[in-house]
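What follows draws every value from the coordinates through simple rules; no lab data is involved. Quantities reported herein were computed from a predicted structural model and do not represent experimental measurements. Here the Cβ is made from the backbone with ideal geometry for all residues, glycine too, and neighbour counts use every protein chain on show.
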Amino acid sequence: MMKQGDRITKARVATLALVFAAVIASLAFDTGIGTPSSFGIGQFFLLCPLGGIEALLASKALVPVTLISLAVVTAFALLFGRAWCAWGCPAPVIRKFFRRDPKVEGAKGAGDCDDPSALAEEAARATAAPASFPHACSAAREVKGAAASLRRIVRDKRTWALGAVLVATLVAGIPLFCLVCPIGLTFGTVGSLWHLVVDKQVTMSVVVFPAALAVELVLYRKWCMNLCPVAGLLNVFGHLARLFRPRIDASTCLRASQGKPCEVCASACAERIDLHAKDAAVQLGECTRCGECVKQCPTASIRIAVKPAASVVAQSGRAVQAAASNDRGDDKSVAPG
Amino acid sequence: MPASNPTRRTFVIGGAALLASVVVGAGARPFVAEADVLRPPGALPESEFMARCIKCERCVSVCPTDVLEPLGVEGGFMQARTPVLGFANGSCTFCDKCREVCPTAAIGAVDPYAPERGRIGAAILHEDRCLAFLETNSCGICVDACPYEALSFDAGRRPVVDEAKCNGCGECVRICPANVFTSFSGGKARGIEVVTEKTFRAGEGA
């Protein structure tokens, strides 16, 4: 069987290819599927949540169709968080094509635990974590987690970009971000090329759109990390989206089981999420479900888990029992958990 | 160290960002409603249309006659990718599909037989280009083609537009052969053209 990481990569490529195919088919056969800015069949459609909010703010009117499809999109975002960013958005692929992925900034994500003793301690803590949280304080943990998520959202540059975009849109009276959105510009390029070739419509758009894209994604590498207000908006929902998050199997993870300073998963992550950090569950609010950590892990200890988990680093199957009995020394009669 | 105080820093950066976004927004405002282009039938008034259109191009992709096309950047940076009508490929049949698929309701319903309650635009004849004006009895294709009987012949068998019946569907523009027949002398324009209500009124007043 193919490894989960490879399967995810293949599925992502296929999904994005499908998006492009749908956009072109929609132009060719007048089906009206549209572009990711808004797609669907006839009166049943989804629309870009940011575009929808912008349109509502700019027109200062509550448009029923827009509100309904915004509600549906919100439901998706609450389930899958920022999956759009890895599965539908063309920006990462464009950047990768030009080999302009942002550089990994050293061990910034795991700065506070460089010496082996701290690592071992952390490993021990991680191993003990599932057992040391009784159900009674799960509510308190939830509140603490929500506060930490909120702090993280407020500190994120993309949240600020989102705020600036919405204010500017309200003042301008036109969805301003749509003008420079890399997603819109990508499919605008596809559309303008289509109209150039098929309808002989000659416009400068064919040159201007790709040029704008190049400035945003190729010259400036960190669009997705620092500026994208769509990511900023999805982050808000992402912190509540618990499905399909990556989880570490502590029994095989080099770091959790042997205390080795492995940081492969953290450096593979485009969002710079450190799964071993104390606040990993909070950081995972920004997870795009891209599966790179799953793919890159040298011991294949990371899996995308469908259901939400209490802890990011978890023991699995036999390992749980083994670890639990180790914790309690000779007392074999105590049940784990 | 007041400079590194996170609250103060946040406040300063936040204030600057707010100010910058207000300036950008206000700077963009004058350019919003300036385009004088043919919008899909039933489109809201230009400033309201621009407020709602998110440039998703769904209307362009659903249009069965391909009369809708995205405006190029030449038409204005703010207006690029918004839908406009181009009659080189087709004319509008008022099929209503663009209204149906618009996710922000920027396009409303319209009755093609009641142009006074809203229309794409109105046709105007260019007497210097229309073949019937250049040579008597030479052409009258548009009069036969008009689906709304808005075109008729005058005493000299030259086309006349009935402004009250014309809804700007563009069928006359699509089939006008003037650009073909005058191409030897460098003429690319057609003998009849659909212009926006705004331009039409301005032309009437002049």
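Diffusion coefficient (Stokes-Einstein, Kirkwood radius over C-alpha pairs, 37 °C, 0.692 mPa s) for the stretch B:14-58: 264 µm²/s, rounded to a whole number. Here chain B is assigned +1 on the Cβ of each Lys and Arg and -1 on the Cβ of each Asp and Glu. Its dipole about the Cα centre then comes out at about 1020 debye. The simple spin-label model puts a point 7 Å past each Cα toward its Cβ; for B:Asp144 and A:Lys278 those points are separated by 8.6 nm.
Taking every eigenvalue of the Cα gyration tensor of chain B, multiplying by 5 and rooting it, what semi-axes result, largest first, whole Å?
44, 18, 15
Normalised by the number of residues in chain B, the mean separation of alpha-carbon contacts (under 8 Å, six or more apart) gives a relative contact order of 19 percent.
Between A:Ala139 and B:Thr93, the simple spin-label model (points 7 angstrom out along Cα→Cβ) gives 6.3 nm. What is the stretch B:33-101 by shape, rounded, prolate or oblate, if you read a ≥ b ≥ c off the alpha carbon gyration tensor as root eigenvalues and call it rounded for a/c under 1.5, prolate for a/b larger than b/c, and oblate otherwise? Judged from the Cα gyration tensor, the stretch B:33-101 comes out prolate (a/c at least 1.5, a/b above b/c). Computed from label points 7 Å out along Cα-Cβ, the spacing between B:Phe31 and B:Asn137 is 5.5 nm. Summing charges over all other residues whose Cβ lies under 10 Å from the Cβ of B:Pro83, with Lys and Arg as +1 and Asp and Glu as -1, gives +2.
If I stretch the segment between A:Ala300 and A:Leu240 completely, what's the gain in nm (0.36 nm per residue apart, minus their alpha carbon distance), one decimal?
That works out to 18.9 nm of additional length.
Note on B:12-23: average number of Cβ atoms from other chains within 10 Å of each residue's Cβ is 4.
Paramagnetic label reach from A:Val207 (point 7 Å along Cα→Cβ; backbone nitrogen cut-off under 18 Å): within the stretch A:169-189, residues A:189. Please report how far the C-alpha centroid of the stretch A:263-310 lies from that of the stretch B:53-72, rounded to the nearest whole angstrom. If we compute the Cα centre of each part, the gap is 41 Å. With the convex hull constructed from alpha-carbon coordinates only, the protein assembly as shown shows a mean projected area of 31.6 nm² over all directions. 3J(HN,Hα) along the stretch B:76-87: x, 4, 5, 9, 4, 6, 7, x, 9, 9, x, 8 Hz, from the Karplus curve 6.51 cos²θ - 1.76 cosθ + 1.60 with θ = phi - 60°, whole Hz, x for Gly and Pro. Ordering B:Gln79, B:Val62, B:Gly90 by the projection of their Cα atoms onto the charge dipole of the stretch B:33-101, which places +1 on the Cβ of Lys and Arg and -1 on the Cβ of Asp and Glu, puts B:Val62 at the extreme positive end.
Among the listed pairs B:Lys55/B:Lys198; A:Lys260/A:Lys295; A:Lys222/A:Lys295; A:Lys144/A:Lys307, none has a Cα-Cα distance over 26 Å. Rounded to the nearest 20, the Cβ-based charge dipole of the stretch B:119-205 about its Cα centre (Lys and Arg +1, Asp and Glu -1) stands at 240 debye. Just the Cα atoms of the stretch B:96-206, one point each, no solvent: what log10 I(q)/I(0) does Debye give at q = 0.19, 0.22 Å⁻¹? Once normalised to I(0) and log-transformed, intensities are -0.99, -1.19. For the protein assembly as shown, the residue among A:Ser301, A:Gly238, B:Val173 whose Cα projects farthest onto the positive side of the dipole built from Cβ charges is A:Ser301. Electrostatic bookkeeping for A:Ser149 treats Lys and Arg as +1 and Asp and Glu as -1; over the other residues with beta carbon under 13 Å from its beta carbon, the sum is +2.
Placing +1 on each Lys and Arg Cβ and -1 on each Asp and Glu Cβ, with no other charges, gives the stretch B:33-101 a dipole about its Cα centre of roughly 220 debye. So what's the net charge close to B:Thr136: Lys and Arg +1, Asp and Glu -1, counting the other residues with Cβ under 15 Å from its Cβ? After counting each charged neighbour, the total is -1.
How large is the Kirkwood hydrodynamic radius of the stretch A:1-63, in angstrom, based on all distinct alpha carbon pairs?
13.9 Å
To the nearest ten degrees, helix B:6-28 and the longest principal axis of the Cα atoms of chain B are 20 degrees apart. The A:Leu79 and A:Ala309 beta-carbon pair, evaluated with R₀ = 22 Å, returns a calculated FRET efficiency of approximately 0.85. Judged by the mean number of other Cβ atoms found within 10 Å, the most tightly packed of the peptides B:50-60, B:93-103 leads the ranking B:50-60, B:93-103.
Taking the charge dipole of the stretch B:112-157 about its Cα centre, with +1 at Lys and Arg Cβ atoms and -1 at Asp and Glu Cβ atoms, the residue from B:His126, B:Ala114, B:Cys142 reaching farthest to the positive side is B:Ala114. Ordered by the number of other Cβ atoms lying within 10 Å of each residue's own Cβ, fewest first, B:Ser47, A:Ser38, A:Ser149 fall into the sequence B:Ser47, A:Ser149, A:Ser38.
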